[in-house]
Every structure is written in structure tokens, then in C-alpha cells.
1. Evaluate the following for B:ARG166: is it within 14 Å of chain A (Cβ to nearest Cβ) and either basic (Lys, Arg) or surrounded by fewer than 24 Cβ atoms within 10 Å (Cβ to Cβ) (or both)?
2. Considering only residues that are within 24 Å of B:THR53 (Cα to Cα) and within 11 Å of another protein chain (Cβ to nearest Cβ), which ones fall in region B:249-262?
3. Select from region A:75-124 the residues that are within 12 Å of the chain's Cα centre (by Cα) and charged (D, E, K, R) and write down the one among them that is nearest to the other protein chains (Cβ to nearest Cβ).
4. I'm trying to understand the selection: among the residues of region B:116-170, which are touching a residue at least 60 places away in the same chain (Cβ under 8 Å) and not in a helix (DSSP H, G or I)?
5. Go through region A:85-102 and give me each residue that's over 10 Å from A:VAL24 (Cβ atoms) and either buried (at least 22 other Cβ atoms within 10 Å of the Cβ) or touching a strand residue (DSSP E or B) at 6+ places or on another chain (Cβ under 6 Å) (or both).
6. Taking the condition of a type outside the set (Lys, Arg) and at pLDDT below 90, does B:VAL187 pass?
7. Inside region A:43-72, can you point out the residues that are in contact (Cβ under 8 Å) with a residue 60 or more places away in the chain, away from chain B (no Cβ under 14 Å) and open to solvent by less than 50 Å² (accessible area, probe 1.4 Å)?
8. Going by the structure shown, is A:ARG107 over 24 Å from A:ARG204 (Cβ atoms) and either assigned to a loop (DSSP other than H, G, I, E, B) or open to solvent by 60 Å² or more (accessible area, probe 1.4 Å) (or both)?
Amino acid sequence: MARELFERKIKQIQDEILLLGSMVEQATLDSVTSFKNRDIEAARALIEDDQNINDKRFAIENAILILLATQQPLAHDLRQLAAMLLVANELERMGDYAKGVANNTIRLGINDLPIPYRDIEKMGELAVSMLHRSLSAFINEDISQAVAIPREDDAVDDLFNKCYRTIVNGMIANPATIDDASLLLWVVHNLERLADRVVNICERTIFIKSGEMMEMDGTDDELEA
Amino acid sequence: MIDNNHINLKTKISVENFNLFYGKFQALDNISIDIPSNQITAIIGPSGCGKSTFIRSFNRMNELIPTVRTEGRIILDGKDIFEIDPVELRKQVGMVFQRPNPFPKSIFENIAFGPRAHGIRDRRILEEIVEKSLRQAVLWDEVKDSLTKSGLALSGGQQQRLCIARALAVEPEVILMDEPASALDPVATLKIEELIEQLKEKYTIVIVTHNMQQAARASDFTLFFNMAENRAGYLVESGKTTDIFTNPKNELTEQYISGRFG
């Protein structure tokens, strides 16, 4: 096959996206752990480390723009590079969700509240597992995985609803905790949104392979932490 | 595979089961396609796949080669081109070539040549035709004060626009362009592409190009030709340019436009 240099460069960008993905996975898991342990030092470190995720995203974006400018990719190549540009952006935003969890850990301080730790942890684990597999599917252009993974988002949504109900019930029972408990809502919201963005990665996988722009999840309303 | 997904547009030229032979060698194999009216259709494909031969069939220029034989039909506005007088056909279907080829005459005479050959003698009418054609080819402002200057004294890009003006002077309906910008620098190339875009309002344009980016930039529809093992050219895929360059249906098209062969 011709275009060996081009294909090598694409491979390098894929590797960088996987690396960025693993940074986001780790940040998410660490953010949930620091939240659970109410570890403010760890949360501060996470917020600082988010800059590395941002830097990596810009490096990937730059590499893609150079390829677009110098290689004039078309058809599959063009869809792949466009999709990688979007996925790098999705990953950077996911990193912001982890940062948001860390921020709320700091704001929450050591105030005592009834917190559904186990369910929040489960949400984090599920979302990270979905993210990890969605990136493998993205790189391998595995359509069957890209179609299957978004279905798991329902489990994350169920956990979100369960946590939401627990937190709101706590607020009703003890209105004095409303300020602090609302921070918990942001934590579960961030984890739920992270899983939503995994669905976007799956949509891009299908786009690369088929050229079809398929909406796999209608709910894309965004709130900021 | 033929996907005439531009079928809703009015057809200017309809090619039906067209074969072309140079002696025993088959150069085009069973081509069927509709060329839409007032659109720019680009033909791409590897060297030797019959792109130029194909567009030269539209004004029967291949007949100037003694061994050429054709089968099938090419219909222009409902008329079989093989039943139209070739001189009249070439008036309706003009051609611009790869290298600008102005006559070694003045700019004025380059443009007036065709209308004169078709019987126009009135100097005033010829002057009107020359101005109109040069304006349409976006060359008038650059040459209006030097119409008596030799066409060969112009720059390459200007010479090519002069040749386009010369083709427009006989008021054709279709303009065939065979690699019209391949001998030009990038700025002159973009000028020609902008000109082509303007011309489609009045004319149907078919352009052969090796430059994939040019086809992507400058055309509405794209035909991808390839060469079979017996070296006969055939149509692999046709469709809207935006579809062909972002999501072609055929694997061969995909490989060609993404630079994997050709």
C-alpha cells in the first residue's frame, strides 16, 4: 500500500488518543477515590494535573491539523481524522468532569452528610469501563462494540437517578444540608455526563466506518459543574 | 456500478452503453451515464483509463483518428450526436485543452476566429462577441486596451482564459475541459476554477482532472473511471462530489481518492 508515512502518522495519533484516554480514566477513578476519602490534597493534585490532559488534547489537535493541511486526506482518512479531532475534545471535556468532582470534594470539605458512596463509586467504575472499551472500539473501528456500549449507559442513568433520589431525600429530611448536598448532585451529574460522552465516541466510530452520522442518545443537554 | 443519484436534474448529455475501440484495442467499456445540465461534472481516474477519450467522444473529436470505432449512443438534448453534423456539434460542444493553445494571432482575432468561421462578417457584431466572451472569461479588464496584442504574449493563466473565451465565442452549450489548469500556477488555477463556477450558470461543464483536490473544489458531480485488466476504461462510480470525496460507495474509489493506488 502507498502512503506509509501518512499511515504511520495516523497510528501515532491513535496512540496519543489512547494515552489521553488512559489519563482521563485514571483522573476519573482518582477523583471518585479522593471524593470517597474526602482527601483534599489528592483532589488539589487532580485539579493541577488536568492541565496535562488539556495539553495532550492540544498536541493531538495540532498533529491532526498538520495532517489535514499537508496530506489532503479524503474519504475514510478524512472521516477518521475529523472523528479523532472530536474524540480528543470529548476526552478533554471528560477530564473536566473529573476535575469538577475534585472541585466539589474540596468545597464539600469534611462536612458530614449521608452520601451514597457505593453507588457513586459504581457509577465511576461503569463509566470508566465504558470509556476504556469505547476507545478500543474507536481505534479498531469495531462497529458491534460501538453499537453495544451505549446500551450500558442506561445502568449509569439508573444509578444517577438512585443517587439523585437519595441526595434529595437527605435535603428534604435535613434542609440545613442543602448547600452541601447540592455539591453531591454535581458529583453524580459529572459522572453521568462522562458516560454520555462515551456514547459520542461510539457514534464517531460508526461514522468512521460507515460515513453515517447516527445519534445514539438524544439527551445531550449540558450543565456545568 | 452506476448510481445516477443526480437523476432529478435535467440531463444534458446521456451516454448509453458506449464502447470505443482504437483498432482492436478497446479503450472504453460499456459506459452509461447522464451528465446533468448546468452543472460541473469532473472525471477522475488513473492515467490511461480513458477519461480524455471519453470527453472527446462528446464532440466526436476521436473520429479524427482513423482507426476509431464506437458502439452505443451519446444523446445531446435528445439528439444522437452521431446524427449531428460534426462542425455543428463542435459549435455546441466546445473544448479547452491542457496546454493553452492560442492561435498566433491578436487577442481579438483569437476570439473572432470561430464566429467568423460560422459566417459572421460584421465587424461591430464581432467586436460585441469579443467583448462579451472576454468578459465571461473574466479576462476583459486585463486585455481591453491591448486587443491587437498577440495572444501568445499573455501569461499562461491569461492564455488559458483566452482559450476559454475563444470556446465561448461560438456560444456553445457544453464546454469540455481536459486538464485545463495542469500547466498553470496555483493562483491562475484558482482563477480558472472560479471562472468555471461562474460559467455553469449558462453552460454545462465536463472537466477531466488529475488533481483530486481540484475535482473536490470545483465540481458538483464526479465520475471515477478505472482501467480493467484488458486496459479498457470503465466507469466505477458516479455521484455528488461531496459524497464521492467523503464517503464513496466503491472500495476502488476509496483507494484511489485516498491515494492508495493510481
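The values are calculated or read from the model by the stated rules, or taken from the named source; none is laboratory data. All values derive from a computational prediction rather than experimental measurement. So basically every Cβ, Gly included, is an ideal-geometry build from the backbone, and we count neighbours across all protein chains shown. For the accessible areas, the whole protein counts, side chains as well, though only heavy atoms, and no ligand, DNA or RNA atoms are used. Shrake-Rupley method; radii C 1.70, N 1.55, O 1.52, S 1.80 Å.
1. no
2. B:ASN250, B:THR253, B:GLU254, B:GLN255, B:TYR256, B:ILE257, B:GLY259, B:PHE261, B:GLY262
3. A:GLU90
4. Hits for region B:116-170 are B:VAL138, B:VAL170.
5. Hits for region A:85-102 are A:VAL87, A:ALA88, A:LYS99, A:GLY100, A:VAL101, A:ALA102.
6. yes
7. A:ALA43
8. yes
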